[in-house]
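**Q** Dumping the structure here so I can ask a few things about it.
The values are calculated or read from the model by the stated rules, or taken from the named source; none is laboratory data. Since the structure is predicted, the reported quantities are computational estimates derived from the model, not experimental observations. Using ideal geometry, Cβ is built from the backbone for each residue, glycine included, and neighbour counts are taken over all protein chains shown.
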(Lines give C-alpha, C1' and ligand atoms only; values in the text may rest on other atoms or scores of the structure.)
Protein backbone atom coordinates (compact mmCIF):
# COMPACT_ATOMS: atom_id res chain seq x y z
CA UNK A 1 0.00 0.00 0.00
CA UNK A 2 1.00 3.65 -0.37
CA UNK A 3 1.69 5.79 2.68
CA UNK A 4 3.24 9.07 3.78
CA UNK A 5 6.15 8.35 6.11
CA UNK A 6 9.01 10.22 7.73
CA UNK A 7 12.46 8.69 8.17
CA UNK A 8 13.94 11.77 9.81
CA UNK A 9 12.80 14.97 11.50
CA UNK A 10 12.52 18.12 9.42
CA UNK A 11 10.42 20.23 7.09
CA UNK A 12 7.85 19.11 4.50
CA UNK A 13 10.71 17.79 2.35
CA UNK A 14 11.14 14.79 4.72
CA UNK A 15 7.67 13.46 3.85
CA UNK A 16 7.98 10.40 1.62
CA UNK A 17 5.19 8.95 -0.51
CA UNK A 18 6.23 5.30 -0.66
CA UNK A 19 5.21 1.66 -0.66
CA UNK A 20 4.90 -0.04 2.72
CA UNK A 21 3.57 -3.48 3.70
CA UNK A 22 -0.21 -3.78 3.72
CA UNK A 23 -1.80 -3.37 7.14
CA UNK A 24 -3.61 -6.43 8.54
CA UNK A 25 -6.43 -6.45 11.09
CA UNK A 26 -5.54 -8.28 14.29
CA UNK A 27 -7.96 -9.58 16.92
CA UNK A 28 -10.44 -6.89 17.89
CA UNK A 29 -9.41 -4.66 14.99
CA UNK A 30 -11.05 -3.45 11.79
CA UNK A 31 -9.06 -2.91 8.61
CA UNK A 32 -10.14 0.42 7.14
CA UNK A 33 -9.62 1.37 3.51
CA UNK A 34 -8.94 5.04 4.11
CA UNK A 35 -10.41 7.56 1.68
CA UNK A 36 -9.36 10.76 3.45
CA UNK A 37 -6.93 11.84 6.17
CA UNK A 38 -7.16 15.18 7.95
CA UNK A 39 -4.05 17.15 8.88
CA UNK A 40 -3.50 18.67 12.31
CA UNK A 41 -0.71 20.76 13.78
CA UNK A 42 0.17 17.57 15.65
CA UNK A 43 1.44 16.21 12.33
CA UNK A 44 3.72 19.22 11.94
CA UNK A 45 5.13 18.81 15.46
CA UNK A 46 5.76 15.09 14.95
CA UNK A 47 7.38 15.75 11.55
CA UNK A 48 9.68 18.35 13.11
CA UNK A 49 10.60 16.05 15.98
CA UNK A 50 8.53 17.79 18.69
CA UNK A 51 8.35 15.10 20.00
CA UNK A 52 10.71 12.94 18.01
CA UNK A 53 9.13 9.54 17.39
CA UNK A 54 10.55 6.17 16.31
CA UNK A 55 11.12 6.06 12.54
CA UNK A 56 9.89 5.30 9.99
CA UNK A 57 6.49 6.63 11.03
CA UNK A 58 3.28 7.06 9.07
CA UNK A 59 1.78 10.43 10.00
CA UNK A 60 -1.87 11.36 10.50
CA UNK A 61 -4.38 11.19 13.36
CA UNK A 62 -7.71 11.70 11.60
CA UNK A 63 -9.24 9.51 8.92
CA UNK A 64 -12.42 8.22 7.29
CA UNK A 65 -13.02 5.39 4.87
CA UNK A 66 -14.72 2.03 4.43
CA UNK A 67 -14.41 -1.30 6.22
CA UNK A 68 -12.10 -3.59 4.24
CA UNK A 69 -11.77 -6.57 6.63
CA UNK A 70 -12.68 -7.65 10.15
CA UNK A 71 -10.28 -9.11 12.70
CA UNK A 72 -11.18 -12.00 14.97
CA UNK A 73 -13.88 -11.22 17.51
CA UNK A 74 -15.20 -8.12 15.79
CA UNK A 75 -18.94 -7.67 15.29
CA UNK A 76 -21.21 -4.77 14.44
CA UNK A 77 -19.48 -3.89 11.17
CA UNK A 78 -19.91 -5.10 7.60
CA UNK A 79 -17.47 -4.94 4.69
CA UNK A 80 -18.03 -1.64 2.88
CA UNK A 81 -19.45 0.27 5.86
CA UNK A 82 -18.49 3.96 5.87
CA UNK A 83 -16.61 4.76 9.09
CA UNK A 84 -14.83 7.59 10.87
CA UNK A 85 -11.98 7.19 13.34
CA UNK A 86 -11.80 8.55 16.87
CA UNK A 87 -8.04 9.20 17.04
CA UNK A 88 -7.77 9.24 20.85
CA UNK A 89 -7.37 5.79 22.42
CA UNK A 90 -7.91 5.86 26.23
CA UNK A 91 -5.91 3.63 28.55
CA UNK A 92 -4.74 3.90 32.16
CA UNK A 93 -6.26 7.36 32.46
CA UNK A 94 -4.31 8.71 29.49
CA UNK A 95 -4.91 9.13 25.79
CA UNK A 96 -2.78 7.53 23.07
CA UNK A 97 -3.11 9.50 19.84
CA UNK A 98 -3.02 7.72 16.49
CA UNK A 99 -0.16 9.14 14.42
CA UNK A 100 1.78 10.35 17.46
CA UNK A 101 2.15 7.18 19.50
CA UNK A 102 1.45 4.74 16.64
CA UNK A 103 1.51 4.75 12.85
CA UNK A 104 -1.14 7.07 11.50
CA UNK A 105 -3.80 7.51 8.86
CA UNK A 106 -1.92 8.98 5.88
CA UNK A 107 -2.03 5.65 4.09
CA UNK A 108 -4.34 3.43 2.08
CA UNK A 109 -5.03 0.83 4.78
CA UNK A 110 -5.07 1.12 8.57
CA UNK A 111 -5.95 -1.45 11.25
CA UNK A 112 -7.97 0.28 13.96
CA UNK A 113 -9.34 -1.05 17.28
CA UNK A 114 -13.03 -1.62 16.64
CA UNK A 115 -14.04 0.58 19.58
CA UNK A 116 -12.42 3.59 17.90
CA UNK A 117 -14.68 3.40 14.85
CA UNK A 118 -18.07 5.04 14.34
CA UNK A 119 -20.45 4.95 11.41
CA UNK A 120 -19.84 7.92 9.12
CA UNK A 121 -23.14 9.72 8.72
CA UNK A 122 -24.50 9.81 5.17
CA UNK A 123 -24.62 13.61 5.33
CA UNK A 124 -20.82 13.78 5.61
CA UNK A 125 -18.26 13.24 2.87
CA UNK A 126 -15.08 11.29 3.59
CA UNK A 127 -13.20 14.59 3.57
CA UNK A 128 -15.56 16.10 6.16
CA UNK A 129 -15.36 12.92 8.22
CA UNK A 130 -11.58 13.21 8.29
CA UNK A 131 -11.71 16.92 9.15
CA UNK A 132 -13.56 17.01 12.47
CA UNK A 133 -12.54 14.29 14.98
CA UNK A 134 -9.38 15.49 16.74
CA UNK A 135 -10.22 19.19 16.81
CA UNK A 136 -13.90 18.80 17.74
CA UNK A 137 -13.09 16.26 20.44
CA UNK A 138 -10.43 18.61 21.82
CA UNK A 139 -12.65 21.69 21.70
CA UNK A 140 -15.65 19.92 23.21
CA UNK A 141 -13.61 18.70 26.17
CA UNK A 142 -12.21 22.21 26.68
CA UNK A 143 -15.51 24.05 26.53
CA UNK A 144 -18.05 21.60 27.92
CA UNK A 145 -16.33 18.91 29.98
CA UNK A 146 -13.74 21.20 31.56
CA UNK A 147 -15.16 24.74 31.48
CA UNK A 148 -18.87 23.78 31.72
CA UNK A 149 -19.76 26.58 29.32
CA UNK A 150 -23.39 27.66 29.49
CA UNK A 151 -25.89 29.17 27.08
CA UNK A 152 -25.66 32.95 27.03
CA UNK A 153 -22.07 33.14 28.26
CA UNK A 154 -19.26 34.83 26.32
CA UNK A 155 -16.25 32.89 25.02
CA UNK A 156 -13.02 34.41 23.67
CA UNK A 157 -11.40 32.27 20.96
CA UNK A 158 -7.96 33.24 19.62
CA UNK A 159 -6.90 32.62 16.01
CA UNK A 160 -10.08 31.82 14.12
CA UNK A 161 -9.34 29.73 11.03
CA UNK A 162 -7.31 27.07 12.81
CA UNK A 163 -8.84 23.69 13.50
CA UNK A 164 -9.42 23.86 17.27
CA UNK A 165 -10.51 27.52 17.12
CA UNK A 166 -13.09 26.83 14.41
CA UNK A 167 -14.35 23.76 16.23
CA UNK A 168 -14.66 25.79 19.44
CA UNK A 169 -16.56 28.49 17.56
CA UNK A 170 -18.97 25.96 16.05
CA UNK A 171 -19.58 24.30 19.42
CA UNK A 172 -20.27 27.70 20.97
CA UNK A 173 -22.70 28.54 18.18
CA UNK A 174 -24.46 25.19 18.62
CA UNK A 175 -24.82 25.63 22.39
CA UNK A 176 -25.96 29.24 22.36
CA UNK A 177 -22.66 30.65 23.65
CA UNK A 178 -21.70 34.09 22.34
CA UNK A 179 -18.33 33.94 20.58
CA UNK A 180 -15.63 36.58 20.27
CA UNK A 181 -12.99 35.49 17.76
CA UNK A 182 -9.66 37.00 16.75
CA UNK A 183 -7.32 36.90 13.77
CA UNK A 184 -4.66 39.06 12.13
CA UNK A 185 -6.33 38.42 8.75
CA UNK A 186 -9.13 40.78 7.63
CA UNK A 187 -10.40 38.05 5.30
CA UNK A 188 -10.68 35.53 8.15
CA UNK A 189 -12.43 38.06 10.35
CA UNK A 190 -14.92 38.82 7.59
CA UNK A 191 -15.54 35.09 7.09
CA UNK A 192 -16.11 34.63 10.82
CA UNK A 193 -18.67 37.41 10.84
CA UNK A 194 -20.47 35.76 7.93
CA UNK A 195 -20.55 32.50 9.89
CA UNK A 196 -22.16 34.16 12.87
CA UNK A 197 -19.41 35.33 15.21
CA UNK A 198 -20.78 37.83 17.72
CA UNK A 199 -17.58 39.85 17.53
CA UNK A 200 -14.48 39.48 15.33
CA UNK A 201 -11.39 41.45 16.38
CA UNK A 202 -7.92 41.88 14.90
CA UNK A 203 -5.38 40.79 17.48
CA UNK A 204 -2.68 42.50 15.40
CA UNK A 205 -4.27 45.96 15.13
CA UNK A 206 -7.05 46.26 17.71
CA UNK A 207 -7.15 46.29 21.51
CA UNK A 208 -8.67 42.85 22.08
CA UNK A 209 -9.12 43.35 25.82
CA UNK A 210 -10.99 46.64 25.34
CA UNK A 211 -13.16 45.11 22.62
CA UNK A 212 -14.07 42.16 24.85
CA UNK A 213 -14.92 44.46 27.75
CA UNK A 214 -17.08 46.68 25.54
CA UNK A 215 -18.97 43.73 24.03
CA UNK A 216 -19.67 42.21 27.44
CA UNK A 217 -20.74 45.39 29.18
CA UNK A 218 -17.46 45.68 31.06
CA UNK A 219 -17.56 42.17 32.50
CA UNK A 220 -15.15 40.26 30.28
CA UNK A 221 -15.22 36.77 28.78
CA UNK A 222 -16.65 33.93 30.86
CA UNK A 223 -14.48 31.36 29.07
CA UNK A 224 -11.19 31.83 27.22
CA UNK A 225 -10.00 29.18 24.75
CA UNK A 226 -6.21 29.50 24.98
CA UNK A 227 -4.09 27.68 22.39
CA UNK A 228 -1.44 30.30 21.63
CA UNK A 229 0.56 30.83 24.84
CA UNK A 230 3.15 33.57 25.17
CA UNK A 231 1.70 35.89 22.51
CA UNK A 232 -1.80 35.97 24.04
CA UNK A 233 -1.60 34.87 27.68
CA UNK A 234 -1.48 38.33 29.31
CA UNK A 235 -4.43 39.47 27.20
CA UNK A 236 -6.33 36.28 28.01
CA UNK A 237 -6.02 37.01 31.73
CA UNK A 238 -6.90 40.69 31.25
CA UNK A 239 -9.94 39.91 29.08
CA UNK A 240 -11.31 37.28 31.45
CA UNK A 241 -14.27 38.13 33.67
CA UNK A 242 -14.25 37.65 37.43
CA UNK A 243 -14.52 33.89 38.12
CA UNK A 244 -13.92 33.12 34.46
CA UNK A 245 -12.50 29.82 33.24
CA UNK A 246 -9.40 29.75 31.03
CA UNK A 247 -8.83 26.46 29.21
CA UNK A 248 -5.39 25.68 27.78
CA UNK A 249 -4.69 22.95 25.23
CA UNK A 250 -1.54 24.30 23.59
CA UNK A 251 1.01 27.09 23.33
CA UNK A 252 1.96 27.53 19.69
CA UNK A 253 3.82 30.81 20.32
CA UNK A 254 5.72 29.62 23.39
CA UNK A 255 4.98 27.79 26.64
CA UNK A 256 6.49 30.13 29.26
CA UNK A 257 4.50 33.39 29.32
CA UNK A 258 4.62 35.81 32.28
CA UNK A 259 2.41 34.21 34.93
CA UNK A 260 0.67 37.41 36.16
CA UNK A 261 -0.43 35.44 39.23
CA UNK A 262 -2.15 38.46 40.81
CA UNK A 263 -4.87 38.26 38.15
CA UNK A 264 -5.65 34.69 39.21
CA UNK A 265 -6.51 35.54 42.80
CA UNK A 266 -7.84 39.05 42.20
CA UNK A 267 -10.31 37.79 39.60
CA UNK A 268 -10.69 34.34 41.21
CA UNK A 269 -9.91 32.71 37.88
CA UNK A 270 -9.84 28.98 37.19
CA UNK A 271 -7.27 27.62 34.72
CA UNK A 272 -7.84 24.18 33.21
CA UNK A 273 -5.40 22.12 31.21
CA UNK A 274 -6.98 19.93 28.56
CA UNK A 275 -5.66 17.39 26.07
CA UNK A 276 -7.67 15.57 23.40
CA UNK A 277 -10.75 13.93 24.92
CA UNK A 278 -12.40 10.78 26.17
CA UNK A 279 -14.87 8.69 24.14
CA UNK A 280 -17.77 10.61 25.68
CA UNK A 281 -16.28 13.90 24.39
CA UNK A 282 -15.93 12.49 20.88
CA UNK A 283 -19.47 11.11 20.87
CA UNK A 284 -21.01 14.37 22.11
CA UNK A 285 -19.04 16.43 19.59
CA UNK A 286 -19.91 14.04 16.77
CA UNK A 287 -23.59 14.34 17.68
CA UNK A 288 -23.39 18.10 17.13
CA UNK A 289 -21.76 17.52 13.75
CA UNK A 290 -24.01 14.80 12.37
CA UNK A 291 -27.18 16.62 13.44
CA UNK A 292 -26.02 19.74 11.60
CA UNK A 293 -25.82 21.90 14.73
CA UNK A 294 -22.07 22.33 14.20
CA UNK A 295 -20.51 22.75 10.75
CA UNK A 296 -17.28 21.17 9.53
CA UNK A 297 -15.01 23.52 7.58
CA UNK A 298 -12.66 22.05 4.96
CA UNK A 299 -10.14 24.56 3.66
CA UNK A 300 -8.50 22.50 0.90
CA UNK A 301 -8.03 18.94 -0.33
CA UNK A 302 -4.75 17.52 -1.72
CA UNK A 303 -3.99 14.08 -3.16
CA UNK A 304 -2.13 11.80 -0.74
CA UNK A 305 0.95 11.99 -2.96
CA UNK A 306 1.05 15.78 -2.43
CA UNK A 307 1.28 15.65 1.36
CA UNK A 308 4.24 18.04 1.33
CA UNK A 309 2.13 20.72 -0.36
CA UNK A 310 -0.65 20.09 2.15
CA UNK A 311 1.80 20.56 5.04
CA UNK A 312 3.03 23.80 3.46
CA UNK A 313 -0.56 25.04 3.28
CA UNK A 314 -1.13 24.18 6.94
CA UNK A 315 2.10 25.85 8.06
CA UNK A 316 1.41 28.98 6.02
CA UNK A 317 -1.39 29.95 8.38
CA UNK A 318 -3.51 31.03 5.42
CA UNK A 319 -6.02 28.21 5.80
CA UNK A 320 -9.56 28.65 7.13
CA UNK A 321 -10.64 25.19 8.17
CA UNK A 322 -8.98 21.83 7.81
CA UNK A 323 -6.44 20.72 5.22
CA UNK A 324 -7.30 17.20 4.06
CA UNK A 325 -5.58 14.51 2.01
CA UNK A 326 -7.71 12.53 -0.45
CA UNK A 327 -6.78 8.84 -0.71
CA UNK A 328 -7.78 6.89 -3.82
CA UNK A 329 -9.90 3.76 -3.34
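**Q** Across the stretch 10-27, what is the number of residues that are more than 13 Å from residue 69 (Cβ to Cβ) and surrounded by fewer than 15 Cβ atoms within 10 Å (Cβ to Cβ)?
**A** Count: 6.
**Q** From the residues in the stretch 111-128 that are assigned to a loop (DSSP other than H, G, I, E, B) and under 20 Å from the mean Cα position of the chain (by Cα), which one is surrounded by the fewest Cβ atoms within 10 Å (Cβ to Cβ)?
**A** Filtering first and then ranking leaves 121.
**Q** Looking at 75, 125, which one is at pLDDT 95 or above and within 26 Å of residue 179 (Cβ to Cβ)?
**A** Result of the check over 75, 125: 125.
**Q** With respect to residue 21, is the statement that it is over 26 Å from residue 118 (Cβ atoms), out of contact with any strand residue (DSSP E or B) (no Cβ under 6 Å at 6 or more places or on another chain) and modelled with pLDDT under 95 true?
**A** Taking the combined requirement at face value, the residue does not satisfy it.
**Q** Right, another one. Out of the residues in the stretch 18-56 meeting the condition of being touching a helix residue (DSSP H, G or I) at 6+ places or on another chain (Cβ under 7 Å) and part of a strand (DSSP E or B), tell me which one is farthest from residue 322 (Cα to Cα).
**A** Only one residue fits best here, namely 29.
**Q** What pairs come up if the first residue lies in the stretch 7-22 and is at positive phi, the second is surrounded by 12 or more Cβ atoms within 10 Å (Cβ to Cβ) and assigned to a loop (DSSP other than H, G, I, E, B), and their beta carbons are under 9 Å apart, counting only those six or more places apart or on different chains?
**A** From residues that are at positive phi, the pairs are 10/49.
**Q** May I pose another question? I'd like to verify a number: residues in the stretch 37-56 that are more than 18 Å from residue 88 (Cβ to Cβ) and modelled with pLDDT of 95 or more, how many?
**A** Total satisfying the criteria: 7.
Residue-by-condition table, conditions (1) touching a residue at least 40 places away in the same chain (Cβ under 8 Å); (2) touching a helix residue (DSSP H, G or I) at 6+ places or on another chain (Cβ under 9 Å); (3) assigned by TED's automatic domain parsing to the domain that holds residue 219; (4) at negative phi:
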{"position": "151", "(1), (2), (3), (4)": "no, yes, yes, yes"}
{"position": "158", "(1), (2), (3), (4)": "yes, yes, yes, yes"}
{"position": "166", "(1), (2), (3), (4)": "yes, yes, yes, yes"}
{"position": "173", "(1), (2), (3), (4)": "yes, yes, yes, yes"}
{"position": "188", "(1), (2), (3), (4)": "yes, no, yes, yes"}
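**Q** Are any residues in the stretch 264-279 over 26 Å from the mean Cα position of the chain (by Cα) and surrounded by 16 or more Cβ atoms within 10 Å (Cβ to Cβ), and if so, which ones?
**A** Passing the criteria: only 267.
**Q** Is it the case that the stretch 32-45 has a residue that's more than 18 Å from residue 63 (Cβ to Cβ), outside the structural domain of residue 167 (by TED's automatic domain parsing), surrounded by fewer than 23 Cβ atoms within 10 Å (Cβ to Cβ) and without any contact (Cβ under 8 Å) to a residue 40 or more places away in the chain?
**A** yes
**Q** So, in the stretch 132-163, exactly how many residues are in a helix (DSSP H, G or I) and within 13 Å of residue 294 (Cα to Cα)?
**A** 6
**Q** Okay, moving on. What about residue 62, is it more than 27 Å from residue 249 (Cβ to Cβ) and modelled with pLDDT of 95 or more?
**A** The answer is no for residue 62.
**Q** Mind counting the residues in the stretch 72-93 that are outside any strand (DSSP E or B), under 18 Å from residue 126 (Cα atoms) and touching a helix residue (DSSP H, G or I) at 6+ places or on another chain (Cβ under 9 Å)?
**A** Here the count works out to 3.
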